[in-house]
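The structure under discussion appears below in the form of structure tokens.
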Amino acid sequence: MENLGTIHGEATNDILPGLLRGYRFTVCETHEAAVQALNIRRQVYVDDVGYDVPVPDAYDARSWLLLATDESTGQPVGSMRLTPRLAGPFELEEYFTLPKALRSAKSVELNRFAILPAYRKGKTFLPIVSLGLFKTVMVFLKSMGAHQMVIASKPERIWTYEWLRFRRTGRTALYGALDAVEHELLTYDFRRVDTTMDDHPLSPFFNTLDYREVVLPERLPSLGLGVDLDATSFRLRECA
């Protein structure tokens with residue numbers, strides 16, 4: 001799984017507009033696309049790393065899956081999972097007690113970040129697939145009116161998420177689903193998304209540039225793999 005913290009100050013405005021060229025980043029809208037995303041996760045988490053986790057698991061039935069594809073070959077190369085809390089507790093709540101502010105229906109959990117080994121480094125110095133997936137997350141969740149995104153990170157990867165402007169909470173727990181290794185809870189506040197990246201070295205990438213390679217669905221996809229959900233009028237909302 002990619003270490004975005006290896007990026008320093010080498011990116012320029014000349015490179016950024018074409019940064020995602022050659023890839024396509026989507027929110028899965030069909031069973032076939034979801035299966036492709038799950039196959040990526042299975043290869044990385046189970047076959048490569050050796051985690052003893054089911055793929056899919058119970059949380060996939062109430063989550064959205066993101067997929068990165070190599071446009072030249074059509075090969076799926078990366079995936080992520082987004083679980084909105086309005087559909088039920090997060091996976092990380094099996095191990096963490098969330099503050100009340102994060103238990104809102106406008107909170108979303110990001111996890112199961114997986115990229116095939118051959119695509120973890122780009123042709124330039126930038127990890128293109130990683131950045132494209134995170135760009136898709138930011139655009140997708142902002143368009144939905146999300147307030148908070150949460151993630152549980154291993155200590156050695158915390159600085160990567162801090163580089164992406166996640167904030168540490170200081171809350172740690174042994175994450176049973178991933179070999180009971182210690183993880184820390186981090187948060188990202190979408191209510192400040194327009195200013196959070198102002199001083200970031202890739203600020204134009206996150207804040208102002210639009211990419212044809214990032215394809216948002218015309219209507220919100222159903223959660224999970226064939227879950228019966230009326231997505232035509234769906235939007236994150238506060239719990240009663």
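The values are calculated or read from the model by the stated rules, or taken from the named source; none is laboratory data. Quick caveat, the model's predicted, so the values are computed rather than measured. Here the Cβ is made from the backbone with ideal geometry for all residues, glycine too, and neighbour counts use every protein chain on show.
For the reader, a short list of remarks on this structure follows.
- Residue list for region 149-187, restricted to those being farther than 24 Å from residue 49 by Cα and assigned to a strand (DSSP E or B): 149, 167, 168, 169, 170, 171, 187
- Residue within region 107-130 that is more than 14 Å from the chain's Cα centre (by Cα), within 14 Å of residue 22 (Cβ to Cβ) and among the aromatic types (Phe, Trp, Tyr) present: yes
- Residue match in region 23-31 (condition: more than 19 Å from residue 140 (Cβ to Cβ) and modelled with pLDDT under 95): yes
- Conditions (1) without any contact (Cβ under 8 Å) to a residue 60 or more places away in the chain; (2) crowded, with 19+ Cβ neighbours inside 10 Å; number of the one not met by residue 118: (2)
- Search result, residues across region 193-226 that are small (Gly, Ala, Ser) and in a loop (DSSP other than H, G, I, E, B): 222, 224, 226
- Residue count, region 48-106 (criterion: more than 17 Å from the chain's Cα centre (by Cα), free of Cβ contacts under 8 Å to residues at least 60 places away in the same chain and not in a loop (DSSP other than H, G, I, E, B)): 7
- Of residues in region 131-150 being surrounded by 21 or more Cβ atoms within 10 Å (Cβ to Cβ) and of a type in the set (Val, Ile, Thr), the one farthest from the chain's Cα centre (by Cα): 150
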